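Below you'll find the structure, written out as structure tokens, and then a few comments.
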Amino acid sequence: MAETVAGLHDNMNANPQSSLSFSQIDAEILQHEEAVRQLKSRRNTLAPISQLPPEMLSRIFLFVSYPRERSLLWINVSHVSQHWRAVALGFPALWSSPPFMTPTWAHEMLKRSKMAPLSIVADLTYMTPKMLVAFDDAMRHVDRSAELSLTGNKLMEKYLINATKRAPFLNKLCISQIHTHYDATDDRIALPCNFFDGQAPRLRHLDLSRCQVHWDTSLMQNLTYLRIVEPGGCRPTISQLVDLLEQMPYLETLHLEHALPIVSETTKTLPSPSHIISLPRLSRVHLVSNVLEAANLLDHIDFPSTATMQLTLDGTKGTGSDFSSLIPTISKSRSFTSDNAKSKGVAFKAMNLTIPYHNSIRFSVYTVTNNRTSSLQVAAPALEMHVSWRSDSPGAKEQVVRTICQALPLAQLRVLRVFDPDCEFKHTTWVDLFGSLPKLHKIEFTGSGISKVFTQALSEIKPPPPMDVDQGYNLRRKKHIPDSVYFPRLRSLVCSGTDFADLIDMFLDMLMVRAECGTEVQDLKLSDCAHLYEKEVELIEEVVVEVDWDSIVQDSEAYDSDDDRFSDSFDDEYEHNVFPFFDLYDDDVDWYSPF
């Protein structure tokens, strides 16, 4: 059989006419295929989508390509038809973001981008040699970049040293040094003194992390977003920083972390500012520093009271737990001279006060409120302050809370949340700070200590007004007007983590006193409470209209027995050693998994 096939093949090759016939047929097939392709192309031109102008179709392709870091599947738009391919290849902006994780495509896109402004976004931390070659190729065109966002270690400097040409299209510049504990030095990335020749007229977004900053560079003019994090020893003087910010009249976001002018640790008070600048469009301020450094800057700038502020501040050796230097700034936050509806809509309406440690407090204040807890947790605070100090003097926490809360404009406050496991405050502190607020209708507190203190505060009765000489008795007390107690508008109460062992009687008395005065609690939620039983809840329900109890009975003795049973489970076999095969005090044990 094999011989027959071989012979047939030889006969066909030996016949020139047969070979010619095959060639003619193949040529005719190609002609017909080309004709079919042209017919399909003509047919495609009749489709509705083919009626779109190339400019609109190219924009659609651009939308399809985002977000580009996820996948390169969007490139398939250039494989659908000749027309689509021509439109895609003729739109350089579509190819302006080279994907360095795919070096072959990165090189190809640089070619297809022609002279379009580039978006160079790269994390150099884990790049392979081929990826770095593609990145180096892109950096040769850095002067025509619209965005330059780089992350990496100090070795990134060698790619920036030649970026000295004018950048007419640059709109966004982000350079971030990744610092790990394995780095031998703590050096910052040194940017060239003539970075982009100091000329980037369209630059609006600047983000430098762990870089040496040239505070007199003209690159920082006309920014709308400025973020500088840990420039090391390259901090500005207050005059340098103020002069720089004065050149940014359109600045909307100011974010500085450990980048403010240094104020001596022993300084206790700041001098009055000699020059105050206006930033009328500033809408967000984020500062991480010590309290005097932040106050020093804030005293020199004037910005809208509606700006969102996030402050993480440490006390210094000179200030201790005194944060009064912030009063001029925070007292202006969300405060208005008019009573129009627009102003009321952005006033402080809810406040979270978290006191997790003996020398740290977090204030989170919101312009929105909702009875549902989840809503308040999702919303971003209009003012967030996290203050900490070194001293552990008695009464320091209470003094800090008084200083901040008395400075804040809280007349419109509706909701107050307090988390303090071990409350050391007097109940009169809460009465002084919040007892007279005219619109506070809901209080939530977590922790046994704070529960007891707030129960005392809510039971407090105002001193009686002077007696009416003519009538001989106090009309106000006789009619039980709601203003005879503090927290006059309180209607909703949430208790979490409360131990009612020695509190239930006082708690019931508080509820009854408020009911007698016409300021009864109408809505009470009890969750995760200890020593609270069904009979006590029934007594509460006689006073409160709506009680929501999680029905979980917690008893400290039960906890003790549970702990005993848990520890007993490790007895005998390993002699109380939970990890019998390791010597917990052996320094040779490798607790880190192999990488």
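Here is how the numbers come out for the structure above:
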| quantity | calculated |
| --- | --- |
| Per DSSP, loop trypsin sites (Lys or Arg not before Pro) in the stretch 146-206 with at most 14 further Cβ within 10 Å | Lys165, Arg166, Arg202 |
| Check: the stretch 165-303 dipole with +1 on Lys, Arg Cβ and -1 on Asp, Glu Cβ, in debye | 500 |
| Zone residues, the stretch 238-282, relative to Asp186, backbone N less than 20 Å from point 7 Å out along Cα-to-Cβ | 256-266 |
| Viscosity 1.002 mPa s, temperature 20 °C, Stokes-Einstein D of the stretch 20-71 from Kirkwood C-alpha radius, µm²/s | 150 |
| Percentage of interatomic Cα-Cα distances in the stretch 112-243 larger than 22 Å | 35 |
| Lys525-Arg85 FRET efficiency (beta carbon distance; Förster radius 45 Å; 0.05 resolution) | 0.10 |
| DSSP-loop GluC sites (Glu not before Pro) across the stretch 206-298, with at most 13 other Cβ within 10 angstrom | Glu265 |
| Fewest-first sequence of Ser331, Ser325 by Cβ atoms within 10 Å of each Cβ | Ser331, Ser325 |
| Alpha carbon Rg of the stretch 384-452, scaled by the compact-globule rule 2.2 N^0.38 Å | 1.14 |
| Trypsin sites (Lys or Arg not before Pro) lying in DSSP loop within the stretch 227-324, provided at most 15 other Cβ fall within 10 Å | Lys268, Arg281, Lys317 |
| Computed E for Val36/Val64 - FRET, C-beta separation, R0 35 angstrom, nearest 0.05 | 0.75 |
| Sum of side-chain charges, Leu410 neighbourhood, beta-carbon under 11 Å (Lys, Arg +1; Asp, Glu -1) | +4 |
| Set of lysines near Lys154 by C-alpha distance (under 22 Å), chain-local residues within fewer than 8 positions excluded | Lys130, Lys165, Lys172 |
| Sorted largest first, extent of the stretch 168-242 alpha carbons per principal axis (Å) | 38, 29, 21 |
| Local net charge near Ala380, Cβ-Cβ under 15 Å (Lys/Arg +1, Asp/Glu -1) | +3 |
| Computed E for Ser218/Val545 - FRET, C-beta separation, R0 51 angstrom, nearest 0.05 | 0.15 |
| Hits among lysines - C-alpha to C-alpha of Lys426 under 29 Å, sequence gap 8 or more where chains match | Lys268, Lys317, Lys332, Lys349, Lys397, Lys439, Lys442, Lys452, Lys462, Lys525 |
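Read-outs throughout are calculated quantities, based only on the coordinates presented, and are distinct from any laboratory measurement. Bear in mind the structure is a predicted one, so any value in this text is a computation, not a measurement. Positions of Cβ are generated from backbone atoms using ideal geometry, with glycine treated the same way; all protein chains shown enter the neighbour counts.
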